[in-house]
Structure formats: structure tokens, C-alpha cells
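Read the figures in this text as sums done on the coordinates, not as results from a lab. Worth saying up front: this structure is predicted, and the values here are computed from it rather than measured. Because the Cβ atoms are built from the backbone with ideal geometry, glycine has one as well, and the counts that use them run over all protein chains shown.
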């Protein structure tokens, strides 16, 4: 007889398989990889049909995960990305206002964080090593500049929500839906 924990484990494994499959298709296209040649191929998935209704349900469930930004006058723009390579990380990019050359420091959830100045003049702050069951945990990031603080609340699911709200293509939608499914099953399994 299969108990609830075994059922949850099977659901988690299937969600991981789906995520691996759809992420491989999506990232291979973006990076020019050849599955089976540049990396091991994930040959099958359990869920391939994400209806408009399922996508709408996911977007509604993720409504509270949208990125929130309050900028100081020293920051012109804040953007973000999700790294799904070696680790899972959210990268925040802060474009300073024209002519800003003051000091910059950052915290993530109240702890000092590294601020990397990129060649294009933007500042990058990373939220690294996000466990699957924590992909929806909102992080509070503060970038301090001369004019005050820019505050950002964000999670990996914020990126999924943003992609689902304005999808680039079907492969991206499938990868984001699979990542959302994996997060849900991991959170259910851990709880």
C-alpha cells in the first residue's frame, strides 16, 4: 500500500522530470546546446500540455509573488533574471541614474551582500543557492546609495510570474510552468 509520503515523493519526482525536460528544451534553444551531445538528454516528460486555464491558475496563484520595487533617485531602473545553471539564483540589476558615482552597498534579508559592478555600469546583487521548496520565498533586498535606499522584494517565482505574464514563446511557458510545478511539489513534500 502506498502512503501519502510515497505519493508525494512520486509527484515530486514527476515534477522534477518535467522541469528537467522543459528546462532542457528552453535552455538548449537559448544557449545553443545540443541535448545528448553537450549534456545528457532528458528524453521524456509527464506533463506537456499546459492549457490556458492552467497557465491562468498559475498566474493567479503567483499574484503575491510579483516583484516589488521602490527606487531611490540614484537608481534609474531595476531588472532581474533567474539563473538555472549550476545553482538556482535570482540576479537583481540596478542601473544607476546618469552621473551617479557614489558608494553602493546591499543587504539581502538584512545580511550584507556582495554588490558587483558590471562592465555596462549596472550593479548586480545575487540571491544564491535557492532550494526547490524555497523558490517562492520572498527575499528583501536593499541597495543603499547616497540618496537613500532602493528596496526590492523578489523570489524565483517572481521571475516565473513575469515570464507567464509576458511569455516569449511556448518553450519558455512550458519551462516556467514546469518550474512552478516542481516548486509546488517540493514545497508540499518538505512540509
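Taking the Cβ of each residue in 53, 114 as the centre, tally the other Cβ atoms inside 10 Å and list the residues starting with the fewest. Can you show the working numbers first?
On the way: 53 8, 114 11.
Fewest to most other Cβ atoms nearby, the residues stand as 53, 114.
Working from Cα positions, state the angle (0 to 90°, nearest 10) between the long axis of helix 4-31 and the longest principal axis of the chain.
The two axes meet at around 60 degrees.
Sorted from fewest to most neighbouring beta carbons within 10 Å, what does the list 22, 39 look like? Display every interim value, and only then the final one.
Details: 22 26, 39 13.
Neighbour counts put them in this order, fewest first: 39, 22.
Per-residue counts of other Cβ atoms within 10 Å, averaged by peptide: what ranking do you get for 151-161, 81-91, 127-137, highest first? Write out the running numbers ahead of the final one.
Values: 151-161: 22.8, 81-91: 15.1, 127-137: 17.5.
My ranking of the peptides, most packed first, is 151-161, 127-137, 81-91.
For the pair residue 51 and residue 124, how long in nm is the line joining their label points, each one 7 Å along Cα→Cβ?
About 4.1 nm, to one decimal.
DSSP beta bridges in the chain, what fraction antiparallel, as a percent rounded to 5?
Percentage antiparallel, nearest 5: 95.
What whole number of Å gives the distance from the Cα centroid of the stretch 63-119 to the Cα centroid of the stretch 13-45?
For the stretch 13-45 versus the stretch 63-119, the Cα centre distance is 29 Å.
Please report the equivalent ellipsoid semi-axes of the stretch 65-157, computed as sqrt(5 x eigenvalue) of the Cα gyration tensor, largest first, in whole Å.
Details: eigenvalues 102, 36, 25 Å².
Over the Cα atoms of the stretch 65-157, the ellipsoid semi-axes are 23, 13, 11 Å.
Sketch the reach of a paramagnetic label on residue 8 as a point 7 Å from Cα along Cα-to-Cβ, and name the residues of the stretch 169-191 whose backbone nitrogen lies under 19 Å away.
It comes to 180-191, nothing else.
Among 66-72, 162-168, how do they line up from the highest to the lowest mean number of other beta-carbon atoms within 10 Å? Present the calculation step by step, with values, prior to reporting the outcome.
On the way: 66-72: 16.3, 162-168: 14.6.
Taking the mean over residues of other Cβ atoms within 10 Å, the ranking is 66-72, 162-168.
Along the three principal axes, how long is the chain when you take its alpha carbons, biggest first, rounded to the nearest angstrom?
Computed over the Cα atoms, the extents are 62, 37, 29 Å.
Would you mind checking the tilt of helix 156-165 against the longest principal axis of the Cα atoms of the chain, expressed as 0 to 90 degrees and rounded to 10?
Tilt relative to the chain: about 80 degrees.
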